[in-house]
Amino acid sequence: MSAVVTTPSVSRYRQPTRRGAEVGLLLLAFVVGAAAYVQVDLAILGHLASDTVPVLLAIAALLLLAHVAVRFLATYADPVIVPAVAALNILGLAMIHRLDLAEAQRAARNGGVAPSPDVYTQLTWTALGIVLFVAVLVVVKDHRSLQRYTYTAMFAGLVLLLLPLAPGIGAEINGARLWLRLGGLSFQPGEIAKILLTIFFAGYLTVTRDSLALVRTKIMGIEFPRGRDMGPLFVAWFISLGVLVFERDLGTSLLFFGLFVSLLYIATQRRSWLVLGAVLFITGAVFAYLAFGHVRLRVDVWLHPFADEADSSYQIAQSLYGFASGGMFGSGLGQGYPQLVPYAKSDFIVAAFGEELGLIGLMAMLVLYGIVVERGLRTAIACRDVFGTLLAAGLSISLGLQVFVVVGGVSRLIPLTGLTTPFLAQGGSSLVANWIAIGLLIRVSDAARRPDAERVSLEDAPTQVVSL
Amino acid sequence: MSELLLTLLRLGFLALIWLLVIVTILVLRRDLRAPRDARPLVAAPALRGGAKAARAPKPEKPPKVKHGPRQLVVIEGPLTGTVIPLGTGDVTIGRAPHSTLVLDDDYASNAHSRLTLTNGTWVVTDLGSTNGTWIDRTRITGPTPLTAGHTLKVGRTVLELRK
C-alpha cells in the first residue's frame, strides 16, 4: 500500500448526546399517554376519575427517573428508544384503565361489586420495570462483560424455560403451562429466559461464527454448512419443539427458533441458514399440526373464524368485529366495545386499540414499534464489537418478532399464538422483561454512539511516572 | 360530554399520536446528519498524524505519475478534508481497518470499492458493497474510469481526484 493518509481528521467532532431531544420526545410521549387517559375518563364518566391525576403524576415521575438514569449512565444512547417505548407503555395503561371502567360499569348494571382495577397492578409492574431498567444501566457498565456469562445465561435460560413443568410450582393457565405460582404471585419465567437466551446466542455465535460461516459443502448450487456445524441449529429446533409439546406454547416456541435463525444469519451473513431454518420450521409446523390437537384447533380457527363463532373461534371473531367497527378512524377511546373480546386487556389488547383508535391510530403504534426495532438494528450496525452487534440485533429482532406474531395473530394474518404484546398488554413478567431488554439495548447503543475521544486510548493517555 | 367535543377529542388524539411519530422521525433525521453539522473539537488541520508524518523520515517517494491526478480528496462526509496521496498502488475504501481509507460510515461496506491505476487512468471497481459505488449520479456496474472533475460516492462519503 503506497498511499498514506496524511490528515486523519477523524473522530475530532463533538458527537451530540441528543439528551435534549430525548427530553422533548419523552414530554410528548407523556402528553400522548395523558391525553389517552383523560379522554377515556371524559368519554366514559364525563369527568376525570378521582385517581387519574395521581396515576399520571406517578407515570411522570417514572419517566423522569428513566431519563435521569439514561442521562447519567448512558449519555450517548439513542434518544428515541426510551420515549417510543414509554409512549406504548402509557397507552397500554390507558387502555387497561378503560377496560377497568367498562368492567366497573357492567358490575354496577348487574348490581354486583366492581372488580378491583387492574391498572394499579400494571402501574406497579411498570414501576418495577423502569427500576430494573435503571438497575441494568447501573450494574452492566459495559455490555461486553455479559459475554463472560454466555454459558451461565444458557443454563439459567433453559432452567427458567423448563421451570413451569416442575410439579408444585408450575401452573397451567388457559391450556398453556408457562406460569410459576408462588403464594399469590404468578410469573412467566419464559419472558426472562428470552433475554438470557439472547445473551447466550450472541455470545455463542460470536465465538463460533467463523466456522459456521466458512466451512461449506455445495448442494445444488447453494453452499450449505457441514453436518456437524448444523448441530446447534438442530438443538435449538428440538428445544423449541419441546416447548411446544410440553408447555403448549406456540408463541415462545416460534420466537425462540426465529430468533436463533435470524442471529445465525446475521452472524454468518449466509443465506443458506435461512433456507435451512425455513425447511426445519415447515417440518416442525407440519409435524405439530398433525400431532397435536391444540395446534390443529388454532389453524382451523385461523382459516374459518366464523365457522364456530359461538365457541372455539368466539375470541378471534369478536376481535375481527372490533377491528371492523373501528374502521379507519376508530370509535374513539372509551366509545367502543372492546370489552366484548375475551382477554381484551392482555392477549387481545391490540384488537381493543384497533377498535378505538382505528387503522390510523393502530398504524401509529406499529410505526413506534418499528422505530424501536430500527434503532436497535442501527445500534447493531454501529456497534464495534461482534457480541454487541449480535446482542442488539437479537433484542430488537425478538421485539419485532413478538409484535409481528401478536398483531398477525389478532388480525388473522397468521394463526393465533400466545405471545404478549410488548409494553401494551397486561402482564407483569412481560413488561418487566421488556424493560430489562430495553436497558441492555440502551447500554449497547451508548457504547456504539460514544465518540472515540471519550474512550480512554492508551496512545493518548500521558505516561505515568512512578516516584519511589 | 357533547358528541361534538368527543369527536374533536377523538380526531385530535389521532393527530397527537401521529405528531409523536413524526417528531420522532424528525429527531432521527437530524441524528443521521449529526456528524456533518457537528462542530470540530479542535481545528482540523493541525493533528498528531500530520505532525508525525512531517517529522518522520520521508518514506520512499511514490513513483511519479505523469500528468495524472496526484491526490484523492474527501469532499463530503465525516472525513471531509482527508487527503490521500496517490502513487501507483491500489487504493481500497471501506470500513475494514486494513483499507487505505478507513470509513467510519454506517452506509459503507467493509470492503466497499477499489481504485486501480490502469494505463494512467484510475479505474474504480465496486467490491460487492451493499449500497453501491457511485460516480456522479450513476451507480457503477463494472470497472469504471474516474477522471478529475467527477465525484466518487461511497456510503455518505464523496471523494474527488485532484492534481
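A few comments on the model shown:
- The single condition among (1) without any contact (Cβ under 8 Å) to a residue 40 or more places away in the chain; (2) assigned to a loop (DSSP other than H, G, I, E, B) that A:P79 does not meet is (1).
- When the residues of segment B:81-102 are filtered to those that are hydrophobic (A, V, I, L, M, F, W, C) and part of a loop (DSSP other than H, G, I, E, B), the one that is nearest to the other protein chains (Cβ to nearest Cβ) is B:L86.
- Sole exception among (1) closer than 21 Å to A:T121 by Cβ; (2) of a type in the set (A, V, I, L, M, F, W, C); (3) modelled with pLDDT of 95 or more; (4) buried (at least 24 other Cβ atoms within 10 Å of the Cβ) for A:A84, by number: (1)
- Once segment B:20-30 is narrowed to residues that are facing chain A (nearest Cβ under 7 Å) and farther than 12 Å from A:G24 by Cβ, the residue that is surrounded by the fewest Cβ atoms within 10 Å (Cβ to Cβ) is B:L28.
- Candidates A:S319, A:S325, A:S312, filtered to the one that is touching a Phe, Trp or Tyr at 6+ places or on another chain (Cβ under 7 Å) and of a type in the set (S, T, Y): A:S319
- Residues in segment A:436-450 that are of a type outside the set (A, V, I, L, M) and either outside any helix (DSSP H, G or I) or under 17 Å from A:L63 (Cα atoms) (or both): A:G439, A:R450.
- Test result for A:A84, within 14 Å of chain B (Cβ to nearest Cβ), farther than 17 Å from A:Y369 by Cα, of a type in the set (G, A, S) and part of a helix (DSSP H, G or I): no
- Flag if A:V113 is of a type in the set (V, I, T) and in a helix (DSSP H, G or I): no
- Counted residues, segment A:314-344 - those being closer than 9 Å to A:E356 by Cα and aromatic (F, W, Y): 3
- Residues of segment A:397-424 that turn out to be outside any helix (DSSP H, G or I) and either within 22 Å of A:E247 (Cβ to Cβ) or in contact with a Lys or Arg (Cβ under 8 Å, 6 or more places away or on another chain) (or both), as a count: 9
- Checking the stated criteria, A:G394 turns out not to satisfy the condition of being part of a loop (DSSP other than H, G, I, E, B), small (G, A, S) and touching a Ser or Thr at 6+ places or on another chain (Cβ under 8 Å).
- Selected residue (criterion: modelled with the lowest pLDDT) from residues of segment A:383-419 that are among the polar types (S, T, N, Q) and touching a Gly at 6+ places or on another chain (Cβ under 6 Å): A:T417
- In segment A:289-339, the residues that are over 25 Å from the mean Cα position of the chain (by Cα), buried (at least 19 other Cβ atoms within 10 Å of the Cβ) and assigned to a helix (DSSP H, G or I): A:V301, A:A317, A:Q318, A:G326
- Within segment B:118-139, restricting attention to residues that are within 14 Å of the chain's Cα centre (by Cα) and over 17 Å from B:L103 (Cα atoms), the residue that is surrounded by the most Cβ atoms within 10 Å (Cβ to Cβ) is B:I135.
- Of all residues in segment B:140-156, those satisfying the criterion of being over 22 Å from B:G68 (Cβ atoms) and under 15 Å from the mean Cα position of the chain (by Cα) are B:G155, B:R156.
- From A:L146, A:L88, A:L63, residue being closer than 21 Å to A:I195 by Cα and touching a Pro at 6+ places or on another chain (Cβ under 9 Å): A:L88
- Scan of segment B:140-163 for residues that are touching a Leu at 6+ places or on another chain (Cβ under 9 Å), of a type in the set (S, T, Y) and surrounded by 15 or more Cβ atoms within 10 Å (Cβ to Cβ), ordered by number: B:T151, B:T157
- Scanning segment A:136-151 for residues that are surrounded by 14 or more Cβ atoms within 10 Å (Cβ to Cβ) and either assigned to a helix (DSSP H, G or I) or in contact with a Leu (Cβ under 6 Å, 6 or more places away or on another chain) (or both), we see that the one that is modelled with the lowest pLDDT is A:T150.
- Count of segment B:122-161 residues which are at pLDDT below 85 and either assigned to a strand (DSSP E or B) or in contact with a Pro (Cβ under 6 Å, 6 or more places away or on another chain) (or both): 1
- Condition broken by A:V295, with the remaining ones in (1) modelled with pLDDT under 85; (2) touching a strand residue (DSSP E or B) at 6+ places or on another chain (Cβ under 8 Å) satisfied: (2)
- Residue that is modelled with the lowest pLDDT, among those in segment A:14-30 that are at the interface with another protein chain (Cβ under 7 Å from one of its Cβ atoms) and either within 27 Å of A:L91 (Cβ to Cβ) or crowded, with 22+ Cβ neighbours inside 10 Å (or both): A:R18
- Condition met for B:L115 (part of a strand (DSSP E or B) and within 14 Å of another protein chain (Cβ to nearest Cβ)): yes
- For segment B:91-117, the tally of residues that are in contact with a strand residue (DSSP E or B) (Cβ under 8 Å, 6 or more places away or on another chain), buried (at least 16 other Cβ atoms within 10 Å of the Cβ) and at pLDDT 80 or above stands at 18.
- The one condition in (1) without any contact (Cβ under 8 Å) to a residue 12 or more places away in the chain; (2) among the polar types (S, T, N, Q); (3) surrounded by 13 or more Cβ atoms within 10 Å (Cβ to Cβ) that A:Q188 fails to fulfil: (1)
- Some residue of segment B:36-58 being surrounded by 12 or more Cβ atoms within 10 Å (Cβ to Cβ), modelled with pLDDT of 50 or more and not charged (D, E, K, R): no
- Selection within segment A:340-366: residues that are facing chain B (nearest Cβ under 8 Å) and buried (at least 19 other Cβ atoms within 10 Å of the Cβ). The member of this set that is nearest to A:R443 (Cα to Cα) is A:M365.
- Some residue of segment A:420-433 being within 14 Å of chain B (Cβ to nearest Cβ) and under 12 Å from the mean Cα position of the chain (by Cα): yes
- Some residue of segment A:74-81 being within 13 Å of another protein chain (Cβ to nearest Cβ), touching a Pro at 6+ places or on another chain (Cβ under 7 Å) and of a type outside the set (D, E, K, R): no
The values are calculated or read from the model by the stated rules, or taken from the named source; none is laboratory data. Owing to the predicted nature of the structure, the values given are computational and were not obtained by experimental measurement. Ideal geometry is used to build each Cβ from the backbone, glycine not excepted, and the neighbour counts take in all protein chains shown.
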